[in-house]
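The block underneath contains the structure these notes are about, expressed in structure tokens.
Please treat every number below as a calculation from the coordinates, not as lab data. All values derive from a computational prediction rather than experimental measurement. Virtual Cβ from ideal backbone geometry, glycine too; neighbours counted across all protein chains shown.
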Amino acid sequence: MIRKGKKINKMRGSRSNGGGSVKRRRGAGNKGGKGKAGAGKHHWSTTVIENRYYFGKHGFKRPQKTIHRSYPVNLNFLNDKAEEFLEKGIATKDEDDVIVIDVTDLGYNKVLATGSLDIPLVVKSPAFSEAAIEKIEEAGGEAVELF
């Protein structure tokens with residue numbers, strides 16, 4: 001049946017305004033939620049139309065233990081800061097007066113080849129790029145891999 005007026009106008013004066021038992025209309029527990037609460041029930045809602053991944057699970061999450069993070073450092077940084085590291089005690093000199101830098105003490109775990117070396121350095125690191133090893137050896141230094 002089609003109503004000419006709103007239901008509230010028709011039910012004016014009745015105790016429950018057409019909502020059945022008065023107890024059912026009471027409190028937030030009967031409200032059904034706020035905003036888009038319960039949108040999972042309605043396949044037609046705009047949330048679902050705009051986002052096709054709204055329902056179900058998608059993809060997977062890798063355990064953090066399996067993710068290896070690389071913290072690289074470039075040769076130009078080591079070249080510029082070598083003397084400063086020596087003064088601070090982070091780097092040492094070996095018997096041939098060559099500066100020895102362990103990049104793990106600086107918080108890095110890989111040496112990359114950006115820049116150039118003016119002085120021979122002995123660089124200790126868990127990983128090197130191939131070009132970095134070549135540049136270190138060309139400058140008269142040594143690349144020592146830590147395991």
- line: Looking across region 57-109 at residues that are surrounded by fewer than 16 Cβ atoms within 10 Å (Cβ to Cβ) and among the basic types (Lys, Arg), the single one that is nearest to Gly141 (Cα to Cα) is Lys93
message: Can you list residue pairs whose Cβ atoms sit under 8 Å apart, with the first residue in region 64-87 being part of a loop (DSSP other than H, G, I, E, B) and the second being among the small types (Gly, Ala, Ser)? Count only pairs 6 or more apart in sequence or on different chains.
response: Ser70/Ala127; Tyr71/Gly107
- request: Kindly indicate the residue of region 117-133 that is outside any loop (DSSP other than H, G, I, E, B) and not small (Gly, Ala, Ser) and also farthest from Ala91 (Cα to Cα) among those meeting that condition.
  value: Glu130
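Each row is one residue, and each column tells you yes or no for (1) more than 13 Å from Ala82 (Cα to Cα); (2) in contact with a strand residue (DSSP E or B) (Cβ under 9 Å, 6 or more places away or on another chain).
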residue: Ile99; (1), (2): no, yes
residue: Asp102; (1), (2): no, yes
residue: Leu106; (1), (2): no, yes
residue: Thr114; (1), (2): yes, yes
residue: Leu121; (1), (2): no, yes
residue: Ala127; (1), (2): yes, yes
residue: Ala132; (1), (2): yes, yes
residue: Glu138; (1), (2): yes, no
statement: Cβ pairs under 8 Å, 6+ apart or interchain, first in region 122-147 and within 15 Å of Tyr108 (Cβ to Cβ), second of a type in the set (Phe, Trp, Tyr) and loosely packed, with under 13 Cβ neighbours inside 10 Å, ordered by first then second residue, are Pro126/Phe147
